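Written below as structure tokens is the structure these notes are about.
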Amino acid sequence: MNRRTCATLFLLLGLAGSALGQELFNYTYEIRTIDAVNSAQDDYGPALSKDRGTLLLTSTRAEGTLGEADIFSASRVQGGYGTPVNPGSPLNSSGNDGAVAIAADGKTVVFSADDGPDGKGSTDLYIAEIADGRITNIRNLGGSVNTSAWESQPSISSDGKTIWFASNRKGGYGKTDIWYTTLSGQQWSTPMNAGPMVNTKNDERSPNITSDGGTLYFSSNGRSGFGGYDVFMAVREGAEWGQASNLGSLINSKKDELFFFAPSKHERFYFASGRDGGQGGLDIYYGTPNVFGEGITRILVSVVDSTTGNPLPSVVEVIDEATGQTVATFATNPQVKEYEQFLPAERKYRFQATVRDLPPRSASITTPFANEQATATVKFGPISLAEFDLGRYNVPFFVTGYYRPNTRENLDGLYPLLEGPLGDATYIERFRKGSKRYKDYLSYSETIEGIFKEVTGTTLKEIVPRFKASMLPGEVLEVRITGYADPKQFVGKYLEDETVTFQDNAKMEYEISRGDQIGNLELSGLRAWYSGHHLDQMLAASGNEDYRQLKSDGRIQFRYIGGGESRDRADRAAQRRIHIEIVRTGGAGGGQEFDMK
């Protein structure tokens, strides 16, 4: 029976140039041994045939081995792999053979042997063709690659033109280094060292290059780790490798981990480990999900105010949409526009941001191919701190055709205006003082005054103190007043001395001066403007010093919106209303929301 371990992979990536420094992404995954292919001796160097139907490995097992170590193959069967079979010569010899790598086309194989033809040193690299399941045309890579030293543990690029390998040859940084050679015409180049971001003064072994050539996995005992050899990863940054990163304590153990292999377009990754619980020596394990096989891509993440584009302070969770797992969490701040996050390529992620404990907002992207870059922008629009829709009271907020809110003071003050400057405003409803119509409006005024008191109290007791305590540079508390008119056709002239400005729902600016013709849209804008001024006067009259100072500093602003005709109420009179919304916006603090309906 397979032994199963559930774990969480913590992958620490070096983010060169990132505001985050280094950032973690993690996956919960399963690790299992492949019992059918492991033995009491060392089993290592996993590789797959092109069709994924055959697992190749190297083993020092006592049975079936021609020499010290041989290459074996195990066919895929239902539920796993069958018993490994030694293919014999010419692939294996009486010496130490092993560590095979197969190109993506399935036609080229590279392996190491210490007793192969035309040998140059203790162990050499060989290349051969695969035809009809047989190894043919085996040849030494030649003196440009092989030396009198040890060259082994190859990995070949997907195009078959670059071979990565381990060697203790002269000219390295330590004892055993990672090197690579490239094919030019028919000749393999003199190997180049992978450099100090990969190699150390100690040993680096078993390289594995992803199909895109941009991510290198290898084992090292020259860095801080959890045991002997740990598996590390380096991501290419231009012509250089970035800082190598340990794959964490769930792939690595207190023993040795080597030969990490993450095939492209495959659900599993493989590695060899000497950890406790195996059959003996090094055993071959596999893990899922395979988030390594397609390489790594770079995502620039930003959380911004949708109105100003300014960055916001937030906490961002990166969620893999296929697994539902949160694989990274990081914080943003208003001083940094973008955050660099390295993630597995060709997977779909949701970037979910929370600003000040608000309901989260998110942006989803599919990460591009490895070594490419994409952006993920989470936008927080200005959202209401408080919202008061006066239509829910089902009373007319205005006298028909009038624009000052129907408070007792404005109702009684309407009569002298109609006898004076508004005498020609025939669009304003007339009724005698003391009449039933007057008494109806008087009754409505009590409700409307109560509403204004509610808005004033909530603003001064809750919203203003919270805003003052947490406001950020450039942030504004915006009081948005939207006025509405009923759908009855309306035409008239504005006869007041005050010049009124407002916006429509499309943010187009309007200005109304004495003598201008007005219709339903203009009437709705007038209602917004006069209601906003009435609310401002009530707030100022309270004597609240915080409100006065914030208003004086421009940190509290009013915005007037003409909503035009309202058609969402059965009672036409109830269409004559306003909507009040108080919003944090601008600066670095947009996006705060508290629904206080």
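Please treat every number below as a calculation from the coordinates, not as lab data. Computed from a prediction, not measured in an experiment: that's the story for all the values here. Note that we place each Cβ from the backbone using ideal geometry, even for glycine, and neighbour counts take in every protein chain shown.
Where both residues lie in segment 384-585, what percent of DSSP beta bridges are antiparallel, nearest 5? Here the antiparallel bridges make up roughly 65 percent for segment 384-585. Taken as Cα centroids, segment 308-336 and segment 230-266 sit 25 Å apart, rounded to the nearest whole angstrom.
Candidate cross-link partners of K201 among the lysines, defined by an alpha-carbon separation under 26 Å and a same-chain spacing of 8 or more, comprise K120, K170, K175, K254, K255.
Among T136, T332, T354, T58, the ranking by other beta carbons within 10 Å of each residue's beta carbon, starting with the fewest, stands as T136, T354, T332, T58.
Checked against a 25 Å cut-off, the cross-linked pairs K107/K348; K507/K551; K453/K507; K461/K507 give Cα-Cα distances beyond that limit for K107/K348; K453/K507; K461/K507.
If the segment from R134 to Q537 were pulled out straight at 0.36 nm per residue, it would be longer than the present Cα-Cα gap by 135.9 nm. Remark: the chain carries a charge dipole of roughly 1300 debye about the Cα centre, counting +1 on each Lys and Arg Cβ and -1 on each Asp and Glu Cβ. Most simply put, the chain has about 85% antiparallel DSSP beta bridges, counting only bridges with both residues inside it.
Around G274, with a cut-off of 14 angstrom between Cβ atoms, what is the net charge of the other residues, counting Lys and Arg +1 and Asp and Glu -1? Net charge around G274: -3. The helix-only estimate of mean residue ellipticity at 222 nm for the chain, built from DSSP H runs of length n ≥ 4 each weighted as -39500 (n - 2.57), is -4000 deg cm²/dmol after division by the residue total. In the chain, if the dipole is taken from +1 on Lys/Arg beta carbons and -1 on Asp/Glu beta carbons about the Cα centre, which of V316, G434, G248 is farthest to the positive end? Farthest towards the positive end: G434.
You can think of it this way: the chain between D546 and R514 has 8.0 nm of extra reach, that is 0.36 nm per residue less the Cα-Cα gap.
For segment 4-293, the Kirkwood radius over C-alpha pairs fed into Stokes-Einstein at 4 °C and 1.567 mPa s yields D = 68 µm² per second.
With K and R counted +1 and D and E -1, the other residues having a Cβ less than 15 Å from that of M538 yield a net charge of +2. Modelled label positions at E30 and L66, each set 7 Å beyond Cα in the direction of Cβ, lie 3.7 nm from each other. With R₀ set to 35 Å, the beta-carbon distance separating E419 from K461 gives a calculated FRET efficiency near 0.30.
Each Lys and Arg Cβ is given +1 and each Asp and Glu Cβ -1; about its Cα centre, segment 384-585 then shows a dipole of about 520 debye.
By the beta-carbon count within 10 Å of each Cβ, the least crowded to most crowded order of Y510, Y27, fewest first, is Y510, Y27. With each label modelled as a point 7 angstrom along the Cα→C-beta vector, the D504-F558 pair spans 2.3 nm. Pair-distance distribution P(r) for the chain, from all Cα-Cα distances in 20 Å bins starting at 0: 18, 33, 18, 18, 12, 2 percent.
By the rule of a C-alpha distance below 13 Å, with chain neighbours fewer than 8 residues away ignored, the aspartates and glutamates paired with K493 are D424, D516, E522.
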